[in-house]
Structure formats: structure tokens, C-alpha cells
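S.K.: Take a look at the following structure, please.
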Amino acid sequence: MNKLLAKKLHYLIKKYQTIIIAKHVFPDWDAQGSALGLANLIQDNYKGKTIYVVGERIDDDSSFPSDQLTLEALGKALLIVVDTANAERIDFENFAGCQEIFKIDHHLVVDDYGNYNLVDDTAIACTQIITLWAEKMKLKISPLAAKNLYKGLVTDSGRFLFSGVNSQTFQAASILMENGVDLHQVQNELYLQDLKVKQWQNYAFNKLVLTPKGIGYIVVGPSDYQPFNLEYDQVKNALYTMSGIKEIKIWFTVIEVDQEFKVSLRSRDYEVNQVARKFNGGGHKLASGAKVKNLAELPQLIKALEALIV
Ligand SMILES: [Mn+2]
């Protein structure tokens with residue numbers, strides 16, 4: 001971790017009375033855990049600060065609400081943006097109106113929108129960076145801060161299975177455990193599933209098509225998922241049924257929603273983002289999104305994916 005930037009963050013938090021924390025649109029647990037965990041750390045270690053966490057939440061957590069945030073306060077505030085690679089994805093319209101911006105992130109650098117940018121693209125989660133920063137600054141980490149941070153670590157690392165997991169990941173996990181994370185509780189809060197989602201996954205997996213080259217895919221539309229009465233997020237679980245299977249080298253779902261055909265691509269080894277870009281999408285090397293105009297385009301998509309496999 002860049003020592004100067006780590007110290008700068010500490011100094012800026014001390015300097016500003018009002019601190020706003022923002023994350024990316026459609027937050028995941030790393031975004032929310034980073035934002036809330038950092039808010040907990042600031043509240044516990046830098047007395048008397050006014051802290052707002054802005055943007056959407058993934059659950060019913062309502063701590064650090066921002067409904068009292070005025071334009072005037074905003075103009076004097078420090079904005080810390082977590083887990084967000086580029087300015088367009090910041091879930092806070094007024095971000096440019098803040099006094100200074102400090103970015104903390106673990107994505108590949110595409111946009112240095114911060115006045116300061118603490119970025120480590122070798123970190124598996126943004127909460128990993130925040131945890132190691134807190135340790136370096138010798139901050140007190142409350143059980144609540146530890147829980148919020150741990151949620152980002154365990155989800156962004158795929159429960160410590162993804163290839164970007166390194167010794168720092170376990171170091172961060174160890175720090176958080178020592179500060180009171182209740183693994184059983186976190187497990188229940190993150191991974192307990194609704195029966196209907198499991199039933200949907202069973203149904204969807206039965207629609208799996210596997211090509212001889214190892215492309216697995218599932219195509220579903222409203223007539224498939226409507227009877228299950230699911231949120232769109234839950235429908236997307238069809239994708240995960242195909243991961244971790246030897247014979248399936250690249251897998252994707254096509255989900256028809258509002259007359260659009262949304263594609264989610266995954267692979268263990270092949271850079272599917274190259275293909276995603278050719279089909280109106282993009283994303284990470286091994287996890288991308290795309291769109292096809294209709295199902296007649298599917299053979300082209302499959303051909304492009306098969307070309308990745310050598
Ligand atoms: Mn993340």
C-alpha cells in the first residue's frame with residue numbers, strides 16, 4: 001500500500017468535518033461493505049464527524065442516512081468513493097460538487113477521478129484495502145466494522161476461491177476475525193437462500209445446452225421465470241448453476257427481459273470480455289455482460305466463444 005496515500009487519507013479524514021462516502025451503482029457486498037465499514041471506522045476513531053453514506057443499499061441497512069445532506073454541506077465535504085472504477089459509475093449525482101475526492105479501489109485503473117487515488121488492483125476486494133489501511137493506521141476496528149468489511153472480502157473473493165486471493169487477503173481476514181466477525185451470522189446473512197430460488201435453479205439447470213467444445217448455456221424468458229415469482233436478481237442465479245463443472249469451460253445465460261436479450265458470460269480460464277465487447281458489452285476478463293438482438297444471433301456468439309478455446 002502506498003504509504004503517502006494511506007497517510008493522506010488519515011489526514012483528510014481528520015481535516016474535514018463532513019465526510020460523504022459513495023460507491024458504485026447497483027452495489028454489491030464489497031461496495032456496501034467498504035462504504036459502511038469505512039463509515040464505522042471513521043465514526044469510532046475520528047470523533048465528532050458527520051458521515052453520510054449515499055446511494056442505494058442491497059439490504060434494509062439504513063445507517064449513515066443522507067437525506068439531511070444539504071448542498072451547502074456537500075460543498076465543504078470530503079467525498080470518499082469506494083470500489084468504483086470510473087466516475088460514470090459513482091452512485092451520487094453531486095459528486096463533482098464536493099471539496100475533494102478520495103478514491104479507494106481495486107479495479108484496473110481506467111479513470112483517476114479522485115484528487116487522490118488509492119488503488120491496488122492486486123487486492124481481491126476493496127474491503128481488503130480498507131482493512132489493511134485501518135491496521136496500518138492502528139485504528140480500532142469494532143465488531144460491526146469488521147462484519148461489514150468481511151462481507152466484501154468473502155463475496156468478492158468467491159469465498160476465498162478466486163485466483164486473485166493472496167496472502168494479504170488472508171491477512172485481512174485474520175485482522176477482521178480478531179476483531180469479532182461472527183462467521184456463522186455472516187454466512188446466514190449472505191448465503192441463506194429462498195426455496196423458490198433453489199427450485200428455479202433446478203428448473204434452469206435442466207435447460208442447459210452443452211456444445212462439444214465446452215460452451216454451456218441456458219436460455220430463459222418470462223414464461224420460464226414468471227411462475228417462480230422472482231426478482232430479476234434472483235433470475236440471474238441460473239448462471240451460477242453452471243460454474244465449477246469440468247466439462248463446461250465457458251458458460252452463459254441469455255435472459256429475455258423487457259424484450260431485451262441479456263447475456264451474462266463466465267469462464268475459469270478464457271477472456272470472455274473480448275467476445276462481450278463484440279456483442280454490445282464488456283466487463284472483467286472472466287466475467288462479462290453482453291446483449292444479443294435476438295436468439296438468431298446465438299450461433300454467432302457461440303462460435304466466437306468457441307474460438308477462445310484452444
Ligand atoms: Mn469490489
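S.K.: Relative contact order of the chain, please, whole-number percent, based on alpha carbon pairs below 8 angstrom and at least 6 residues apart. If you can, show how the numbers build up before the last one.
M.R.: On the way: 561 pairs, mean separation 37.6, N = 310.
About 12 percent, as a whole number.
S.K.: Follow-up question, since we're still on this one. Under a GNM of the chain (C-alpha, springs under 10 Å), which listed residue has the highest mean-square fluctuation: Asn117, Asn237, Asn148?
M.R.: Greatest mean-square fluctuation among the candidates belongs to Asn237.
S.K.: Considering only Val219, Val119, Val54, give the residue with the highest GNM mean-square fluctuation for the chain, with springs between Cα atoms whenever their separation is below 10 Å.
M.R.: Val219
S.K.: Show me, for the range 222-233, the HN-Hα J-couplings you get by feeding each phi into the Karplus relation (A = 6.51, B = -1.76, C = 1.60, θ = phi - 60°), rounded to Hz, glycine and proline as x.
M.R.: Each residue's phi maps through the Karplus curve to give x, 5, 7, 8, 4, x, 7, 6, 10, 6, 4, 4 Hz.
S.K.: In the Gaussian network model of the chain, springs joining C-alpha atoms below 10 Å, which of Asp91, Asp269, Asp156 carries the largest mean-square fluctuation?
M.R.: Asp269
S.K.: Moving to a separate point now. Which far-off residues, 5 or more places away or on another chain, put their amide H under 5 Å from the one on Phe261, with H placed in the peptide plane?
M.R.: Under 5 Å from the amide H of Phe261: Val292.
S.K.: Would you mind calculating the gained length between Asp59 and Asp121 on full extension (0.36 nm times residue separation, minus the Cα-Cα distance), in nm to one decimal?
M.R.: Value of the extension gain: 19.6 nm.
S.K.: Sticking with this structure for a sec: What is the sum of charges, Lys and Arg at +1 and Asp and Glu at -1, for the other residues whose Cβ falls under 12 Å from the Cβ of Val110? All intermediate terms of the calculation are to be shown ahead of the outcome.
M.R.: Numbers: positive: Arg89, Lys103; negative: Glu88, Asp105, Asp111, Asp112, Asp121.
With Lys, Arg at +1 and Asp, Glu at -1, the net is -3.
S.K.: Name the helices (complete DSSP H segments) of the chain with a Cα length along the long axis of 24 Å or more and a Kyte-Doolittle mean of at least 1.0, or state none.
M.R.: Answer set is empty.
S.K.: Give the calculated FRET efficiency between Lys136 and Asp269 to the nearest 0.05, with a Förster radius of 35 Å applied to their Cβ-Cβ distance.
M.R.: E(calc), rounded to 0.05, equals 0.50.
S.K.: Pop out the carbon and sulfur fraction of the accessible area of the range 199-306 as a percent, whole number, probe 1.4 Å.
M.R.: Percent of accessible area from carbon and sulfur atoms in the range 199-306: 47.
S.K.: Please work out the average accessible area per residue across the range 3-191, using the 1.4 Å probe convention, and give it in Å².
M.R.: Per-residue accessible area for the range 3-191 comes out at 46 Å².
S.K.: Count charges around Leu239 for me, please; just the other residues with Cβ under 11 Å from its Cβ, Lys/Arg as +1, Asp/Glu as -1.
M.R.: On the way: positive: Lys236, Lys262, Arg266; negative: none.
Charge balance in the 11 Å sphere: +3.
S.K.: Looking at the chain, identify the longest residue range that excludes and avoids all GluC sites (Glu not before Pro) in DSSP loops having at most 16 other Cβ atoms within 10 Å. All intermediate terms of the calculation are to be shown ahead of the outcome.
M.R.: On the way: sites that count: Glu56, Glu93, Glu231, Glu247, Glu271.
That gives 94-230 as the longest site-free run.
S.K.: Still on this structure, I have one more. Please give me, ordered by residue number, the trypsin sites (Lys or Arg not before Pro) of the range 96-143 that lie in loop per DSSP and have at most 13 other Cβ atoms within 10 Å.
M.R.: Details: sites: Lys103, Lys136, Lys138, Lys140; in loops: Lys138, Lys140.
Passing both the DSSP loop test and the Cβ count: Lys138, Lys140.
S.K.: Reachable lysines from Lys15, Cα under 20 Å, same-chain residues fewer than 8 places away excluded?
M.R.: Hits, sequence-local ones excluded: Lys3, Lys7, Lys47, Lys49, Lys76, Lys103, Lys136, Lys138, Lys140.
S.K.: Still on this model: With each run of n ≥ 4 DSSP H residues scored as -39500 (n - 2.57), what mean residue ellipticity at 222 nm is computed for the chain after dividing by its residue count and rounding to the nearest 500 deg cm²/dmol?
M.R.: -10500 deg cm²/dmol
S.K.: Only Lys, Arg, Asp and Glu count, each charged at its Cβ (+1, +1, -1, -1), so figure out the dipole size of the chain about its Cα centre, rounded to 20 debye.
M.R.: 780
The values are calculated or read from the model by the stated rules, or taken from the named source; none is laboratory data. Just so it is clear, the model here is predicted, and its values are computed rather than measured. Quick reminder, even Gly has a Cβ in these numbers, built from the backbone with ideal geometry, and neighbours come from all protein chains shown. For the accessible areas, the whole protein counts, side chains as well, though only heavy atoms, and no ligand, DNA or RNA atoms are used. Shrake-Rupley method; radii C 1.70, N 1.55, O 1.52, S 1.80 Å.
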